[in-house]
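Here the structure is laid out as structure tokens; the discussion comes afterwards.
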Amino acid sequence: MRKAAWCGAVLVLLGSLSGCGQQDTFDSLMQEDFDWLNAYVSLMERVKDVKSAERVKDDLEELAKKGQDINKRFDALGKVTKEEQEKLKDKYNDKLAELLPKLQKAWETKEKYDVLRQVRIVIPKR
């Protein structure tokens with residue numbers, strides 16, 4: 001019984017490490033970037049007034065840090081080739097077309113921006 005439990009624990013540990021050390025690619029970072037943008041839109045949709053902005057402040061600030069990390073990792077990859085750029089465009093064009101209206105709606109009013117400034121939320125720069 002102990003041996004089975006120990007083997008199970010080792011398998012869980014190895015499974016959790018399988019993602020470690022993977023190299024970033026433009027494709028993997030694009031997917032991560034879209035996840036980031038979706039999380040950002042989701043948080044921004046919840047901001048209606050100062051009180052709701054205060055509730056998401058910590059999450060937005062964490063998201064800003066994550067966005068900066070993604071940017072650094074993109075920069076570390078260097079310049080994308082034309083061929084890779086075309087592949088990414090073909091793969092993510094529909095996702096982008098779906099996401100842009102949501103992103104625009106999340107920033108639909110100047111009042112929302114003013115509310116965020118009142119709460120002193122760092123607006124993620126990408």
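Would you mind finding the one in Glu61, Glu45, Glu32, Glu111 that is at pLDDT below 90, of a type in the set (D, E, K, R) and under 13 Å from the mean Cα position of the chain (by Cα)?
Selected residue: Glu61, the only one of Glu61, Glu45, Glu32, Glu111 that is at pLDDT below 90, of a type in the set (D, E, K, R) and under 13 Å from the mean Cα position of the chain (by Cα).
Say whether the condition of being without any contact (Cβ under 8 Å) to a residue 24 or more places away in the chain and outside any helix (DSSP H, G or I) is met by at least one residue in region 81-91.
The answer is yes; a qualifying residue exists.
Go through region 92-120 and count every residue that is within 15 Å of Lys57 (Cα to Cα), of a type outside the set (D, E, K, R) and free of Cβ contacts under 8 Å to residues at least 40 places away in the same chain.
Matching residues across region 92-120 total 1.
Looking at Gln118, is it surrounded by 11 or more Cβ atoms within 10 Å (Cβ to Cβ), farther than 14 Å from Asp27 by Cα and of a type in the set (S, T, N, Q)?
Taking the combined requirement at face value, the residue satisfies it.
Does Lys57 fit the bill of being under 25 Å from Val119 (Cβ atoms), basic (Lys, Arg) and surrounded by 12 or more Cβ atoms within 10 Å (Cβ to Cβ)?
Yes: the conditions hold for Lys57.
Quick one: is Gln23 at pLDDT 90 or above, exposed (fewer than 13 other Cβ atoms within 10 Å of the Cβ), on the phi < 0 side of the Ramachandran plot and not in a helix (DSSP H, G or I)?
So Gln23 passes the test.
Does Ala97 count as under 19 Å from Ser42 (Cα atoms) and in a helix (DSSP H, G or I)?
It is true that Ala97 is under 19 Å from Ser42 (Cα atoms) and in a helix (DSSP H, G or I).
The values are calculated or read from the model by the stated rules, or taken from the named source; none is laboratory data. A quick note: this is a predicted structure, and the numbers were derived from the prediction, not measured. Using ideal geometry, Cβ is built from the backbone for each residue, glycine included, and neighbour counts are taken over all protein chains shown.
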